[in-house]
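Let me begin by presenting the structure, written as structure tokens, before commenting on it.
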Amino acid sequence: MRDLLAAVHALRERLGEIPQADERRLQDLKTEILGRKAGALTKILGDLPKLQPADRRSVGAAANVLKRDFEAAFAARERDLARASRATVGLDPTMPGRPSWRGGLHLVTQVVAEICDIFRELGFTRAVGPEAETEWYNFGALNFPKDHPAIDVQDSFYLADGLLLRTHTSPVQVRTMEQYRPPIRVVSPGQCYRRDPFDPSHAPVFEQVEGLVVDEGVTFVDLKATLSAFARQFFGPHTATRFSPSYFPFTEPSADMQVSCSVCHGAGCPTCKQTGWMEILGSGMVHPAVLENCRIDPEHYSGFAFGMGPHRIAMVRHGIPDIRLFFEGDVRFLAQFSGEGAP
Ligand code: PHE
């Protein structure tokens, strides 16, 4: 009996180990002391029936109080450990909040809008046409000879039944002249498609802005004055323009327009390939055959047309080296131009 009472007292000493125990040690201690088979206290309680009734009562009372103390100590330590682990993985209310993202317009969308705004101030309205076109609107009505290489399936995306994805926005010239009589002044933005490799300066889908003016007495001077006014408005008042001979089946004469480099102002830099000039559009006087195809009398009316690529224009304005950046959707790139976006 004395032994058992001494064992109870000895066991009580071990209560002191519990507040320091980690998760593992706590489980071991529980098994060691309260384990159903070999627990030290369980054994003492199991030996009680062997004692005299009087001893059984006193030892039993001490052992049961100790059992309650152990259970309380284990429970308290378990609560502490649980609270500590919640604190490390849980919410930190002092952490600054994440700013939410706000969308912005894609740079090319902004450039298209800006181009159309400038022409609106010059008296142009906006026209649109379908992206799936017939060969007639895309080529035939625009005076392409039947064997022109652009008509080749190598260069165009053909759909069923002689339909193709338009390779330029010029078919909108034809649709506009069919629908409206002169005077005509329209710009027409939209997507175009070509079987081009996806490389730093080509994309199989790209934006164009087409322009068309038809009226009595329209001359090449009107073409130059209008497009130069546009260039000064878009690139800045000191922008110089120059026109060089070019060729398109639907304009005669045809001219490409170059502007003085907006990055180096003509001094020479990588954006203009050290030439001081950047080519931004193709243009020309509407070919009499095209006017005739649209039942407009070329003896009475004349006009000019132009087509520019907003992707290219955005690249030369901002010195962007690779057209593919516009299509990758990397917010770190796009947000530089949208004023919004990734924080
Ligand atoms: N459609 C021509 C192209 O895609 C551009 C252009 C439009 C040229 C209008 C002259 C007049 O290259």
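We did not get these values from a lab; they are worked out from the coordinates using the rules stated. Note that the structure is a prediction, hence the values are computed from the model and not measured. Using ideal geometry, Cβ is built from the backbone for each residue, glycine included, and neighbour counts are taken over all protein chains shown.
Run the reach check for LYS50 against lysines, Cα to Cα strictly under 29 Å, same-chain hits fewer than 8 apart removed. What comes back?
LYS30, LYS37, LYS67
Report the far tail of the P(r) of region 1-60, meaning the percent of Cα-Cα pairs longer than 19 Å.
36
For region 163-312, rounded, prolate or oblate, judged on the Cα gyration tensor with a ≥ b ≥ c (square roots of eigenvalues), a/c < 1.5 rounded, else prolate if a/b > b/c? Mind dumping the intermediate values first?
On the way: a/c = 2.32, a/b = 1.38, b/c = 1.68.
It comes out oblate by the Cα gyration axes.
Hand me the GluC sites (Glu not before Pro) from region 161-266 located in a DSSP loop with no more than 14 other Cβ atoms within 10 Å, in residue order please.
Passing sites in region 161-266 are GLU216.
I want to check the label-to-label distance for HIS9 and ASP155. Put each point 7 Å from Cα in the C-beta direction and report it in nm to one decimal.
So the two model labels end up 10.8 nm from each other.
So what's the Cα pair-distance distribution over region 55-121, bin width 10 Å, in %?
With 10 Å bins starting at 0, P(r) equals 14, 15, 13, 11, 11, 9, 8, 6, 5, 4, 2.
Spelling out what I want: for every residue of region 30-45, take phi, set θ = phi - 60°, compute 6.51 cos²θ - 1.76 cosθ + 1.60 (Karplus), and round to whole Hz; glycine and proline get x.
For region 30-45, the Karplus curve yields 4, 5, 4, 9, 10, x, 5, 9, 10, x, 4, 6, 4, 5, 4, 4 Hz.
Quick one: compute a quarter of the convex hull surface over the Cα atoms of the chain and quote it in nm².
That works out to 32.0 nm².
For the pair LYS146/LEU122, report the inter-label distance in nm, with labels modelled 7 Å from Cα in the Cβ direction.
Taking the two extended label points, one gets 3.8 nm.
Cα convex hull of region 87-132: how many Å³ per residue?
In region 87-132, the Cα convex hull volume per residue is 162 Å³.
Calculated from DSSP H runs of 4 or more alone, at -39500 (n - 2.57) each and per residue, what is the 222 nm mean residue ellipticity of the chain, nearest 500?
Roughly -12500 deg cm²/dmol at 222 nm, from the helical runs in the chain.
Would you kindly calculate the translational diffusion coefficient of region 228-307, applying Stokes-Einstein with the Kirkwood radius from alpha carbon pairs, for 4 °C and a viscosity of 1.567 mPa s, and quote it in µm² s⁻¹ without decimals?
D = 93 µm²/s.
Hey, how many Å between the Cα centroid of region 213-232 and the Cα centroid of region 279-343?
Measuring centre to centre over Cα atoms gives 17 Å.
Thinking of region 148-249 as a set of Cα atoms, what percent of all their pairs are more than 16 Å apart?
Taking all Cα-Cα pairs of region 148-249, the fraction more than 16 Å apart is 71 percent.
Could you order the peptides 227-239, 300-312, 92-104, 36-48 from most to least packed, using the average number of other C-beta atoms within 10 Å per residue?
Ranking the peptides 227-239, 300-312, 92-104, 36-48 by packing returns 300-312, 227-239, 36-48, 92-104.
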